[in-house]
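Data block below; observations after.
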Amino acid sequence: MIGGTLLYPLGMAVLLVMASTAAHRRLPPPVAARFVSTALALIVLAALPTLGVIGLAYVGHLPFLGSGFQWCARAFGIHGAVPAWMGVPAVLLLTGGLIRACRLLREHRRLRIDRPGPVEVSNDPRPFAATL
């Protein structure tokens, strides 16, 4: 099983976010927005490494990949395999997040204007302006 030391940062971040979302209604809106944004950033900072370790441990203990991850036993000692109900969602979330991040980066690179170009003129009779 996964030890409590791996899930401890994630559990503490979840408790902090739960407390912050309960208390943000009493704060002025600008302070509440910063407070909740910081709490959500903490959750992400705690969740990504936790998901990464769980996903890597799950993939490392699959039977057809078992011999390729001998470093796991040397680094962490002999431990039980990650259960499928925890490993499969971790691997799927990491894979989906990586795919979405790659698509977002590709879209950003496609849309950014890093050097000046010509002004585009439209044949529309109505005046309008658009910027990116």
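Taken together, the values in this text are just the output of simple stated rules run on the coordinates, not laboratory data. Here the structure is a predicted model, which means the values were calculated and not measured. Cβ: placed from backbone, ideal geometry, glycine included. Neighbour counts: every protein chain shown.
Of note:
- Whether the stretch 1-52 is rounded, prolate or oblate, judged on the alpha carbon gyration tensor where a/c under 1.5 counts as rounded: prolate
- Rounded to whole Hz, the Karplus (6.51, -1.76, 1.60) HN-Hα couplings of the stretch 13-18, x for glycine and proline: 5, 5, 4, 5, 5, 4
- Mean Cβ neighbour count within 10 Å, used as a protection proxy, ranking 21-31, 90-100, 104-114 highest first: 90-100, 21-31, 104-114
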